[in-house]
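The values are calculated or read from the model by the stated rules, or taken from the named source; none is laboratory data. Since we're looking at a predicted model, the values are computed, not measured. We place every Cβ from the backbone using ideal geometry, glycine too, and count neighbours over all the protein chains shown. For accessibility, only protein heavy atoms count, side chains too; no ligands or nucleic acids. Shrake-Rupley method; radii C 1.70, N 1.55, O 1.52, S 1.80 Å.
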Amino acid sequence: ENLPIAPEHYRMRLQAPWASTGLPGQFTMVRTAPDEDAHLLLPRPMAVYRYRPDDGEIDLVYRVIGEGTLAMSERRSGEQVEIVGPVGRPFIIHPGTRGVLLVGRGIGTCSLTALAEDASRCDLSVYGLLSGRAKDVVLGAEVFDSLAHKYETANDDDGSSSMERVRPYLAEVLNLDEVGQAFVCGANRLVDLTCELAAESGVEVQVSLEAPMACG
């Protein structure tokens, strides 16, 4: 499948033989266009939004921002897509952790949704902050609605994504006794704020960095 889910955003569902072995935080390199489109040969790194091991499938969520992702949005059911994965270091939830905080911004949230599902399956309490430039492009709500103990959304349009507005919520969650780890992907300001508050609370932070890498 390759379906629009929000303005400029699509969800691509692919058959992948490693759907049962990939880990949250890992990603895949995707050839966005068919081989004959030579100018789009360089693959794009895409976080795995959800693993669907029972069906042997993975979900990728992406935003159309250039020629490559535009070509990706035009792929149709039944076509073959060249992917390499899973690659990258996964997130690690340590034994004894009882609760986690997941902080995502924009497309960076796609690195955290599979982790939220894993944490929930392990009976951990999941807390979240999902941020975006506009209310209708805040991603991940359908995952967090079904499994998060508590989460909040924030967006630039109404100012709720400002550091002053999100700081009290992050500080509250990081001071909960059960929250032992935090995981972040997205804007540097959110990474910095989460790390600052987590250090004050003695909570470990793991960060997934977003960067273009044709080599994977």
(message) For region 1-33, which positions are surrounded by fewer than 17 Cβ atoms within 10 Å (Cβ to Cβ), among the hydrophobic types (A, V, I, L, M, F, W, C) and farther than 29 Å from residue 182 by Cβ?
(response) 3
(message) Can you pull out every residue in region 101-125 that is crowded, with 24+ Cβ neighbours inside 10 Å and part of a strand (DSSP E or B)?
(response) 101, 102, 103, 104, 105
(message) Are there strands (runs of 3 or more DSSP E) fully within region 1-68 with at least 2 residues that are among the polar types (S, T, N, Q), over 18 Å from the mean Cα position of the chain (by Cα) and within 15 Å of residue 86 (Cβ to Cβ)? List them.
(response) none
(request) Please indicate, with yes or no, whether at least one residue in region 131-138 is over 18 Å from residue 8 (Cβ atoms) and open to solvent by less than 60 Å² (accessible area, probe 1.4 Å). (result) no
(message) Just to be sure I understand, how many residues within region 79-109 are modelled with pLDDT under 95, of a type in the set (A, V, I, L, M, F, W, C) and within 24 Å of residue 156 (Cβ to Cβ)?
(response) 1
(request) Starting from region 1-12, keep only residues that are over 16 Å from residue 46 (Cβ atoms), then list their pairs with residues that are assigned to a strand (DSSP E or B) whose Cβ atoms are within a distance under 7 Å, requiring at least 6 positions of separation or different chains. (result) 4/10
(request) Identify the single condition in (1) touching a residue at least 12 places away in the same chain (Cβ under 8 Å); (2) within 14 Å of the chain's Cα centre (by Cα) that residue 142 does not satisfy, given that it satisfies every other one. (result) (1)
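Matching residues to (1) touching a residue at least 40 places away in the same chain (Cβ under 8 Å); (2) among the charged types (D, E, K, R):
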| position | (1), (2) |
| --- | --- |
| 72 | yes, no |
| 80 | no, no |
| 121 | no, yes |
| 138 | no, no |
(request) Select from region 44-97 the residues that are among the basic types (Lys, Arg) and surrounded by fewer than 13 Cβ atoms within 10 Å (Cβ to Cβ) and write down the one among them that is nearest to residue 115 (Cα to Cα). (result) 89
(message) Could you go through region 172-188 and let me know if any residue there is free of Cβ contacts under 8 Å to residues at least 40 places away in the same chain, touching a Leu at 6+ places or on another chain (Cβ under 8 Å) and not charged (D, E, K, R).
(response) no
(request) Could you figure out which of (1) within 24 Å of residue 58 (Cβ to Cβ); (2) modelled with pLDDT of 95 or more; (3) over 12 Å from the mean Cα position of the chain (by Cα) isn't true of residue 183? (result) (3)
(request) Give the number of residues within region 166-216 that are on the phi > 0 side of the Ramachandran plot and out of contact with any Pro (no Cβ under 9 Å at 6 or more places or on another chain). (result) 2
(message) Pull out all pairs, ordered by first then second residue, where Cβ-Cβ is under 6 Å, the residues are six or more apart or on different chains, the first lies in region 156-170 and is closer than 15 Å to residue 133 by Cα, and the second is part of a loop (DSSP other than H, G, I, E, B).
(response) 156/133; 157/134
(request) Need at least 3 residues that are closer than 19 Å to residue 93 by Cα per element, so show me which strands (runs of 3 or more DSSP E) inside region 140-214 make the cut, counting only ones lying wholly within it. (result) 179-185, 204-207
